Amino acid sequence: MRIRCSKLVLLAVLLLGVVGVGPVWAAGAPESLKGSFKVGGDADYYFHNGKVTIARMVYDTCGYVYGGGYATFDIRGWDHFTAYVGIEDGKDATGAQRTSIEVDGEVVWQQDISSGDKAIFVDILLTGRRTITLRVKTGNTKFAEPKLYKGTPPATAGAIVTTPPATVTGGGTTTAANTPATFAVDPNDMEKLATALRKRVDANADLKDRITKGNTALMTFNLIAIPSLDVASTVAENLSTSLINADFPLVERGQLDKALKEMKLQDSGLIDPATAQQLGKVTGCDFILVGSISDQGQFVVINARFLETATGKALAAERVEMRKIDIKR
């Protein structure tokens, strides 16, 4: 009798899976980014549940924005988006194809991709965010094996999520190739960002009290369309001074660098919640200031966000335009 009951229970679980409730062991499993998530954009998005080849590498599935343009998806409740981005073999793509990924309207990854280039693996942090937008020049650009994850993807467990500058191409997880800086961000404008953040934090009495009593680690901001890492390091140095002058208690830079080295982590503007918690324990910081520096031609735009290390959630954010100072060589 016990055996029969066990079989009935097992059968019931399997039937629930068939009708769409899903077995309990499937909770948290990755989900392909399909058209059902689309909430906006100027072009159609298609998900192909079949093989696609990029630089002679075969991938199981792919998504693409038909004809070029952009498509926006609702990703609330998901923590990561991963995909291999490249031009499908055999497709006629003249010149480099500018491709970008935006989260809540902010560009977090941008690349010029050409036919024959190896697919670029991207891992975009989504925790606490609402939308992701895929923007392409033509439909020849494919997002192979596009997946949404709850929690940390197995391939990047314990790692900081990184995004490369726009001029770097190649396969696998991309790293920045440094080139000589042609401009610097006006250090005087760092006061604008520090003041804006101070005003934003002070508007919330509870947040003001917590940040004032706690410690903040300033991460090196991600670069968008800027190939020189010197720009990010200079911004970090000047912004550090401005934040201290605005009464933000900061973790000493040497202590932060030592902690990152011990944890074998990159200094980056995008951090997953698990890493934020780990960094908080090692450095004693309660908050992390992360962000991006984007080249907009005549000026740069810096986006900055305070993340709580205990939860990885963004608590305050600001966006400031800053002047560029040409470097004469």
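See the values below:
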| item | result |
| --- | --- |
| Across 208/313; 38/150; 38/208; 213/258; 118/147, pairs whose alpha-carbon gap is larger than 26 Å | 38/208 |
| From phi via Karplus (6.51, -1.76, 1.60), per-residue ³J(HN,Hα) for the stretch 233-240 in Hz, x at Gly/Pro | 5, 5, 4, 4, 5, 6, 5, 4 |
| Vicinal HN-Hα couplings computed from phi for the stretch 65-82 (Karplus, 6.51 cos²θ - 1.76 cosθ + 1.60; Hz; Gly/Pro x) | 8, 5, x, x, x, 9, 9, 10, 10, 7, 10, 4, x, 9, 10, 9, 10, 10 |
| Among 203-211, 187-195, 81-89, the order from most to least packed when residues are scored by Cβ within 10 Å on average | 81-89, 187-195, 203-211 |
| Sequence-distant residues sharing a close amide H with residue 251 (under 5 Å, placed H) | 216, 217, 218 |
| Whole-Hz ³J(HN,Hα) from phi, Karplus 6.51 cos²θ - 1.76 cosθ + 1.60, for the stretch 40-56, glycine and proline x | x, x, 9, 8, 7, 10, 10, 10, 9, 8, x, 5, 9, 10, 10, 6, 6 |
| Amide H within-cut-off set for residue 44, under 5 Å, with H built and near neighbours excluded | 66 |
| Mean Cβ count within 10 Å, highest first, over the residues of peptides 242-251, 111-120 | 111-120, 242-251 |
| Surface share of carbon and sulfur [accessible, 1.4 angstrom probe, percent] for the stretch 190-321 | 48 |
| Sequence-distant residues sharing a close amide H with residue 109 (under 5 Å, placed H) | 101 |
| By average C-beta atoms within 10 angstrom, highest first, the peptides 36-43, 60-67 | 60-67, 36-43 |
| Charge context of residue 280, other residues only, Cβ under 11 angstrom, K/R +1, D/E -1 | -1 |
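The values are calculated or read from the model by the stated rules, or taken from the named source; none is laboratory data. These figures come from a predicted structure and were not determined experimentally. Cβ coordinates were reconstructed from backbone atoms using ideal geometry, including for glycine residues, and neighbour counts include every protein chain displayed. In case anyone asks, the SASA skips ligands and DNA or RNA and just uses the protein heavy atoms, side chains included. Shrake-Rupley method; radii C 1.70, N 1.55, O 1.52, S 1.80 Å.
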